[in-house]
Number of protein chains: 2
Amino acid sequence: MERIPILRMGDILLVTIQVDMYDRLAMTLQDDLTTRIAENGARGVLIDISSLDVVDSFMGRILSNISLMASVLDAATVVVGMQPAVAITLVELGLSLQGVKTALNVGRGMTLLRAMIESRTEETEDVGREE
Amino acid sequence: MERIPILRMGDILLVTIQVDMYDRLAMTLQDDLTTRIAENGARGVLIDISSLDVVDSFMGRILSNISLMASVLDAATVVVGMQPAVAITLVELGLSLQGVKTALNVGRGMTLLRAMIESRTEETEDVGREE
């Protein structure tokens, strides 16, 4: 069965989406990703969509869902590499990637992810102190 | 046109091959990768093939070629994530991935790549001293 590979780099999982998503593939990715976050105790997910020429409402919802699921499992998500034309289309179609953080490229995405992970950790520590 | 995305992480380029290769795609990948190595001054290339169920002689030659080209441009290449069944088939078919270094997963691949880059750097320094 076709599935999208998930690469582990330390406590960050890296996903490169290269093919158009359809229902089953999206489900498999969500399953795989949540399982891997739990297994590896990953703190962040980086999703590269640089090879996608089109991001429609379905793809937008998948990205939103993944981000939300990861968040519930205490992992931050950043989407990187969006093509300029895709950004234009998203805005023109009135689509918003709800709850999805984006960055220009992998380098900046990693920096953003590190900052998000750090601020989450600090919040957790603050809560710990209050108790 | 379809093309395989190349992600930059510091001085390492990361390629995830998810689709079966055909001539034009392989050519494009070789072109893109060599251009990126030169542009970014990359020292290493990590190729993930975990989603490939089949590695035939054509794919083997592409991996070999990429590794050789990168080597000429002074970048080390490591192929990671090969499925056990693929390894068995490769040996049974008598195919050898000439000049290609492999590692089990991305983590180990990164470690191997760092070691290879370091030893290349040391060699260069030694040559520099001898002159």
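For the stretch A:97-131, residues that are of a type in the set (Ser, Thr, Tyr), exposed (fewer than 15 other Cβ atoms within 10 Å of the Cβ) and within 15 Å of the chain's Cα centre (by Cα) total 1. The set of residues from the stretch B:57-95 being touching an Asp or Glu at 6+ places or on another chain (Cβ under 6 Å) and either aliphatic (A, V, I, L, M) or surrounded by fewer than 18 Cβ atoms within 10 Å (Cβ to Cβ) (or both) comprises just one member, B:Val80. On the given criteria, is B:Val54 crowded, with 17+ Cβ neighbours inside 10 Å and within 14 Å of chain A (Cβ to nearest Cβ)? Against the criterion (crowded, with 17+ Cβ neighbours inside 10 Å and within 14 Å of chain A (Cβ to nearest Cβ)), B:Val54 does not qualify.
Residue count for the stretch B:57-91, restricted to those that are within 14 Å of chain A (Cβ to nearest Cβ) and part of a loop (DSSP other than H, G, I, E, B): 3. Determine, yes or no, whether A:Gly41 is over 13 Å from the mean Cα position of the chain (by Cα), more than 13 Å from every other protein chain (Cβ to nearest Cβ) and surrounded by fewer than 21 Cβ atoms within 10 Å (Cβ to Cβ). Judged against the criteria, A:Gly41 is a match.
Looking at A:Gly99, A:Gly94, which one is more than 28 Å from B:Glu2 (Cα to Cα), more than 14 Å from chain B (Cβ to nearest Cβ) and not in a helix (DSSP H, G or I)?
On the way: A:Gly94 fails: more than 28 Å from B:Glu2 (Cα to Cα).
Result of the check over A:Gly99, A:Gly94: A:Gly99.
When you scan the stretch A:5-21, how many residues do you find that are outside any strand (DSSP E or B) and more than 7 Å from chain B (Cβ to nearest Cβ)?
Total meeting the criteria: 5.
Does B:Asp32 fit the bill of being in contact (Cβ under 8 Å) with a residue 12 or more places away in the chain, part of a helix (DSSP H, G or I) and within 13 Å of another protein chain (Cβ to nearest Cβ)? Walk me through it before giving the result.
Values: in contact (Cβ under 8 Å) with a residue 12 or more places away in the chain: yes; part of a helix (DSSP H, G or I): yes; within 13 Å of another protein chain (Cβ to nearest Cβ): yes.
So B:Asp32 passes the test.
Each reported figure results from applying straightforward, stated rules to the coordinates on display, with no laboratory input. Just so it is clear, the model here is predicted, and its values are computed rather than measured. No Cβ is skipped: glycine too gets one built from the backbone with ideal geometry, and neighbour counts run over all protein chains shown.
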